[in-house]
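Bear in mind that the values in this text are calculations on the coordinates, not laboratory data. Model, not experiment: these values are computed from the prediction. In this analysis, Cβ positions are derived from the backbone assuming ideal geometry, glycine residues included, and neighbour counts consider all displayed protein chains.
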Amino acid sequence: MSILVNNQTRLLVQGITGREGSFHAGQMVEYGTNVVAGVTPGGLGKEVHGVPVFNTVSDAVEKTQANTSIIYVPAPFAADAIYEATDAGIKLIICITEGVPTLDMVAVYHYVREHGARLIGPNCPGLITPDEAKVGIMPGYIHSRGPVGLVSRSGTLTYEVVNALTEAGLGQSSAVGIGGDPIIGTNFIDVLELYQNDPETEAIVMIGEIGGSDEEQAAEYIKKHVTKPMVGFIAGQTAPPGKRMGHAGAIISGGEGTAAAKIEALKAAGVKVADTAAGVADIMKAEMKG
Amino acid sequence: MNIHEYQAAEILKQYGIPINEGIVCDSADAAAEAAQKIGGKVVIKAQVHSGGRGKAGGVKLADSPDEARSVASEILGLDINGHIVHMVMVAPAVDIQREVYLGAVIDRDGRGVTVMASAEGGVEIEEVAKATPEKIHTETAHPYLGLRDYQCRRLAFKLGLEGKEVGGFAKIAKQVHRAFVEKDAGLCEINPLIINGDGEWQAIDSKITIDDNALYRQKDAEELRDLREENEIEVQARSHGISFVKLDGNIGCMVNGAGLSMATMDAVKFQGGEPANFLDVGGGASAEQVTTALNLVLAEPDVKAVLINIFGGITRCDVVAQGLLEAMGKIDVDVPFVIRLIGTNQAEGQKLLSDAGITVVERMDEAAKQVVAAAKGAA
């Protein structure tokens with residue numbers, strides 16, 4: 001088992017003829033992901049890395065039975081792309097696009113949930129189930145299959161930790177990047193619940209960062225519902241208040257969202273929190289032995 | 001993006017919210033002239049992108065044009081939390097019968113726009129939230145339908161308003177929400193919102209921030225940007241698609257990805273050093289981008305050593321290494337560098353650098369340790 005994506009995933013790429021979309025479609029095909037269709041308005045009849053292109057998501061779903069969509073369209077059009085995928089009946093939508101206006105996400109968040117679909121992102125690296133499906137922009141080869149489930153708000157920091165886990169001989173059941181924006185479709189709790197219920201996942205790594213209170217809420221959830229060992233890390237312990245640290249959501253405002261508060265909450269919930277990113281794999285290795 | 005108080009007031013005025021009309025001045029003489037024109041007692045307020053203006057001596061009353069001149073000359077040039085005052089606003093002093101707080105924010109937990117009101121007007125809302133959270137009343141707008149009239153009225157009643165005050169407040173609350181949505185705000189706040197001596201509602205101090213992600217569709221907002229309020233290097237970085245935040249330490253950092261950048265700064269701190277900056281060069285880390293980023297890091301005279309931490313994923317390490325060499329060849333580098341480069345083709349990348357006499361470190365914590373030692377040696 002694994003979570004969210006696997007060898008049953010039939011992936012659709014929205015924005016497949018764009019620079020990013022076409023490059024990453026190729027990378028995903030190469031990894032072995034079952035990429036069944038692409039969508040670009042006016043692109044019908046084209047092929048990108050052997051993947052047929054359609055004008056609309058509903059056409060693509062009808063012709064190819066795509067069940068998952070990944071979005072690479074520019075920020076001004078990202079919300080519309082998510083609505084299009086939702087309305088076409090896609091139940092898992094991954095939005096890679098960075099820079100989506102926060103107010104667009106307010107309506108999108110509620111719309112997707114009301115339609116029984118799940119959105120991951122925006123502003124995220126996507127997710128991967130090693131050896132089955134890579135649905136995102138992460139370098140596939142650093143992953144290996146195994147018992148550790150990973151969830152993170154970050155991109156390259158996730159790769160960093162995955163790489164260290166793999167080098168330590170700890171493979172991953174899945175790795176999910178939920179995104180660095182203030183409003184994202186899937187939060188820590190959603191993914192923790194999936195890992196807790198996934199028999200293959202034996203331990204969980206959670207990588208948070210400053211801003212918002214998702215980590216604190218996750219800590220409450222962990223206390224009540226997560227029985228698997230967890231290792232955490234919170235980035236931004238040295239971040240000054242009031243400054244946006246790259247990610248739109250990574251900002252300490254009005255004294256809220258500090259790393260210290262998040263670390264404390266996670267520790268109180270029984271999560272082993274690493275002092276530095278490099279320590280995550282070391283602690284997990286010790287945990288798994290115990 | 002932050003804008004000035006007078007600009008925020010101007011926006012609220014466009015939405016029919018009565019404001020305390022002021023005159024913006026950039027000299028003491030202009031302030032005196034403005035006070036003359038307004039007549040009577042005036043308030044003179046520093047126009048800077050910083051809170052705590054009152055405490056810092058940036059808001060003062062004046063009884064005459066002469067006093068306005070001397071007060072303005074005290075305020076102009078003042079340093080308020082690192083922001084130099086270049087402008088003041090001169091406005092009529094008001095008779096406050098009642099003051100409340102009214103603001104709209106993005107509620108991350110509720111995934112919506114929340115309008116907040118408190119009877120504790122004129123006090124920083126964060127302080128009210130900490131000390132007496134029960135005094136803050138909130139209504140979250142519907143994600144598709146917006147803020148309903150009944151929600152605005154409910155806020156008014158919770159504030160203890162009566163009679164025609166209720167309708168007046170509700171109308172303003174509704175317009176604050178409308179302005180928030182139409183301007184893609186991150187915050188839209190009136191504090192205090194008052195009832196003046198004539199029994200009329202009036203916005204005395206307004207604050208609006210605009211979502212950076214929405215600037216592409218808020219064309220007017222760009223004209224409100226005051227570059228004097230922004231760090232020069234941060235502005236330059238932004239124009240190259242690089243995220244840069246200046247910090248107080250002496251170890252320059254150049255990293256790809258926001259999360260990894262923060263984690264790198266944390267590692268430096270953990271080893272007893274202080275980062276000079278946050279810098280996310282972006283996912284690609286091309287030669288051109290790396291050159292620009294290095295220049296930004298080295299522009300800060302306090303920088304005693306530089307840590308470069310790149311995880312080469314889709315962009316291969318050998319390409320990043322070539323970029324680094326190219327960049328370092330172009331720049332006059334006279335501080336020690338510690339480079340950590342791992343990921344795709346890391347052996348080739350590391351070889352390129354070590355052939356050029358540059359040491360590459362494998363582990364992130366080891367790299368942090370070395371750069372802290374290098375900075376101490378150079379200090």
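Classify region B:247-379 as rounded, prolate or oblate, taking a ≥ b ≥ c as the square roots of the eigenvalues of its Cα gyration tensor: rounded when a/c is under 1.5, otherwise prolate if a/b is larger than b/c and oblate if not. Here region B:247-379 falls in the rounded category. Amide H contacts of residue A:243 (H built 1.01 Å from N, in plane; Pro and chain starts excluded): A:252 sit under 5 Å, all sequence-distant by 5 or more or on other chains. Straight-line cross-link reach from residue B:45 at under 25 Å between alpha-carbon atoms covers these lysines, not counting any fewer than eight positions away in the same chain: A:243, B:13, B:37, B:55, B:60, B:183, B:207.
Between A:172, A:27, A:237, the GNM of chain A built on Cα springs shorter than 10 angstrom shows A:237 fluctuating the most. The H on the amide N of residue A:209, modeled in the peptide plane, is under 5 Å from the matching H of A:235, each at least 5 residues off or on a different chain. Our coupling estimate for region A:165-178, obtained by passing each phi through the Karplus curve with A = 6.51, B = -1.76, C = 1.60 and θ = phi - 60°, is 4, 4, 5, 7, x, 9, x, 10, 6, 7, 9, 10, x, 8 Hz, Gly and Pro reported as x. Over the protein assembly as shown, DSSP H runs of length four or greater, each weighted -39,500 (n - 2.57), average out per residue to a 222 nm ellipticity of -11000 deg cm²/dmol. GNM on chain B, alpha-carbon springs under 10 angstrom: the most fluctuating residue among B:123, B:176, B:43 is B:123.
For residue A:119, the residues 5 or more places off, or on other chains, whose built amide H falls under 5 Å of its own are A:93. Across region B:210-311, Cα-Cα pairs farther apart than 24 Å form 26% of the total. The loop-placed trypsin sites (Lys or Arg not before Pro) in region B:1-82, going by DSSP, that have at most 14 neighbouring Cβ atoms within 10 Å of their Cβ come out as B:55. Residue exposure proxy: B:240, B:4, ordered by other Cβ atoms within 10 angstrom of their Cβ from fewest to most, comes out as B:240, B:4. When all alpha carbon pairs of the protein assembly as shown are counted in 10 Å bins from zero, the resulting P(r) reads 3, 15, 23, 24, 19, 11, 4, 1, 0 %.
Each DSSP beta bridge with both residues in chain B is either parallel or antiparallel, and the antiparallel ones are about 75%. With 30 Å as the limit, the listed pairs A:289/B:376; A:289/B:351; A:224/A:289 have A:289/B:376; A:289/B:351 beyond it between alpha carbons. Computed from point charges on the beta carbon alone (+1 for Lys and Arg, -1 for Asp and Glu), the dipole magnitude for the protein assembly as shown about its Cα centre is near 1080 Debye. Restricting region B:120-164 to chymotrypsin sites (Phe, Trp or Tyr not before Pro) that sit in a DSSP loop and have at most 15 other Cβ atoms within 10 Å of their own Cβ leaves B:144. All C-alpha to C-alpha distances of region A:127-256, sorted into 10 Å bins beginning at zero, yield P(r) values of 13, 45, 33, 9, 0 percent in whole numbers. Electrostatic tally near residue A:197: other residues with Cβ closer than 15 Å to its Cβ, Lys and Arg +1, Asp and Glu -1, net -2.
Among A:118, A:153, the ranking by other beta carbons within 10 Å of each residue's beta carbon, starting with the fewest, stands as A:118, A:153. Taking the DSSP beta bridges with both ends in the protein assembly as shown, the antiparallel portion is around 50 percent. In region B:96-222 the Cα-Cα distances spread across 10 Å bins starting at 0 as 13, 45, 33, 9, 0 percent of all pairs. Once you reduce region A:11-64 and region B:256-313 to the center of their Cα atoms, the two points are 36 Å from each other. Largest mean-square fluctuation among A:224, A:46, A:91, in a Gaussian network model of chain A whose springs join Cα atoms under 10 Å apart, belongs to A:224. Here the Karplus curve 6.51 cos²θ - 1.76 cosθ + 1.60, taken at θ = phi - 60°, turns the phi angles of region B:156-164 into couplings of 4, 5, 5, 7, x, 6, 9, x, 6 Hz, with x standing for Gly and Pro. Among A:109, B:216, the order by Cβ neighbours within 10 angstrom, fewest to most, reads B:216, A:109. Couplings 3J(HN,Hα) of region A:112-121, computed from phi: 4, 5, 4, 9, x, 9, 10, 10, 10, x Hz, in residue order, whole Hz [Karplus 6.51 cos²θ - 1.76 cosθ + 1.60, θ = phi - 60°; x for Gly and Pro]. Taking a ≥ b ≥ c as the square roots of the eigenvalues of the alpha carbon gyration tensor, region A:148-196 is oblate, as a/c is not under 1.5 and a/b does not beat b/c.
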